[in-house]
Each structure stands twice: as structure tokens, then as C-alpha cells.
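In what follows, a structure is listed as C-alpha cells, so that the remarks can point back to it.
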Amino acid sequence: MVSIGVYPALASASVHTAEIFTTLVSGASHFKLGNVRKDMILRLVVPGIIGGATGAFVAVWVSANILQLMVGCILLFMGLRILSSFAFKKVLHFRKERPSSKMLVGLGYVAAFLDALGGGGWGPIATTTLVTNKVEPSKAIGSVNFAEFFVTLTESITFIILIGPEKFSWIIILGLLIGGVICAPMAAWGCKKLPQKMIGTLVGIAVMTLSIRMILKFFRIL
């Protein structure tokens, strides 16, 4: 949306408004299929709500170009790490205990803040961090998607208050909503059925693709 001339804060606001519904469907699907780790949710949601509201406020007043480059470089490194761990290792070991509360709280805040700001995204940052901390990819994706509904709802309400609903492009929001609602259950089913090695490899490739695109956009190559 930014690449076609939509103001960054308005683009972020529109996407997150559509995501209220898509993340609700996605989160419910992941929960029903057993992809959600309940012991991580509260530690992601509460700081995520605070970080999302803060990021939305900052997005209205501050340019995030440099931040996008930094996040793109970080995600590229994390994507390479994930890809090397899943694509080239024969034996995979996942942790049964949850990551520390300190790590989850910090991750929830930072991922939501950057998500609202438009610099990275809740999913790529939160999911890749959990996967690199040896959480099963399906559980990482499912838990992050479940928590995302609450984060997205907070961000959208904050944007509506700061920007005003009359400035939103509701046709774009409707299109994003319809596509997301259709695809979300299929993605949740895929996380449940596909081998963890394949999911991890796909996550690594997706994150690397996103990060390269962010870096190229910063240098105006795209």
C-alpha cells in the first residue's frame, strides 16, 4: 500500500483494521487445531497491547524509514538462521518448556511496536524469534496468530482515534479482509499437518523474502 502512494500511518491503520477479522479467524482456527501454547499467550498479549498502542501513536507523527532498514537487516539474519537450522539439519530438537517470561514480555512489546509503526510486522518478528528459541514452528505460528487478534484490535482502535475513520480506505480494507478470512483456516490446517522441518524452512524463506523486500524498498530499488 505504501508503494502505491498510501500514507504509511494510514496504510498501517487500514491493514490492521482488516486484520481484526482475519486474525480472529486465524487465531480461532489455530486454537481449534491445537497449534496454540496457552502458557505463552498472556505474556505476549499484555505487552503486545501496550507496544501496539505506543507504536500506533508514534506512527502518526514519525517517519519510520530508517527503522524499516534496521528491521529488514535483523529479519534477514534471523531468516538465514532459521533456514540453516531447518533445511540442513537432519535431527531437530524443540524445547518443551516455554521461553522465559522476560523474553516473551520484551518480544511482545517490541514486535507489536514495530508492527504498528510499519517497520517489521508482528508475525515475522515474533514468530522468527520464537522459532530461533527452539519453539516448534507450528506452535510458534499458532500462538503468535492467536495473540495477534488482541494486539491488532488495540492498534486499530488507537489509529481510529488518532486519524479518524473518515480517512480510511474501506474498499481496500474489505478486500484485505475477504482474502485473509478465506486463507486463514487453510494456513492453520497446513501448520497442523505439514512436517515441522518443512514449516521451519518455509518460515525462513518467507522471512528472508520479506526482509530483502524491505531493504530494497528503503534504497528505492522497488
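List of remarks:
- Mean projected area of the Cα convex hull of the chain, taken over all directions, amounts to 11.3 nm².
- Counting charges near Phe31 (Lys, Arg +1; Asp, Glu -1) among other residues having Cβ under 11 Å from its Cβ returns a value of +3.
- When each of Asp115, Asp39 is scored by the number of other beta-carbon atoms lying within 10 Å, the sequence from fewest to most is Asp39, Asp115.
- Each of Tyr109, Tyr7 has some number of other Cβ atoms within 10 Å of its Cβ, and from fewest to most they run Tyr7, Tyr109.
- Relative exposure of Val62, Val110, Val207, judged by other C-beta atoms within 10 Å (fewest first): Val62, Val110, Val207
- Straight-line cross-link partners of Lys139 among the lysines, defined as a Cα under 25 Å from its Cα and at least 8 positions apart when in the same chain: Lys32, Lys38, Lys89, Lys90, Lys96, Lys102, Lys192, Lys193, Lys197.
- Normalised contact order of the chain, rounded percent, pairs of Cα under 8 Å and 6 or more residues apart: 42
- Whichever lysines have a C-alpha closer than 29 Å to that of Lys167, once near sequence neighbours (fewer than 8 apart) are set aside: Lys217
- Residue-count net charge about His16 - beta-carbon cut-off 13 Å; Lys, Arg +1, Asp, Glu -1: -4
- Summing charges over neighbours of Gly52, with a neighbour being any other residue whose Cβ is under 9 Å away from its Cβ, gives -2 when K and R count +1 and D and E count -1.
- Adding -39500 (n - 2.57) for every DSSP H run of four residues or longer, then dividing by how many residues the chain holds, sets the calculated 222 nm ellipticity at -27500 deg cm²/dmol.
None of the figures in this text is laboratory data; all of them are computed from the coordinates on show. These figures come from a predicted structure and were not determined experimentally. Don't worry about glycine lacking a Cβ; one is built from the backbone with ideal geometry, like all the others, and counts go over all protein chains shown.
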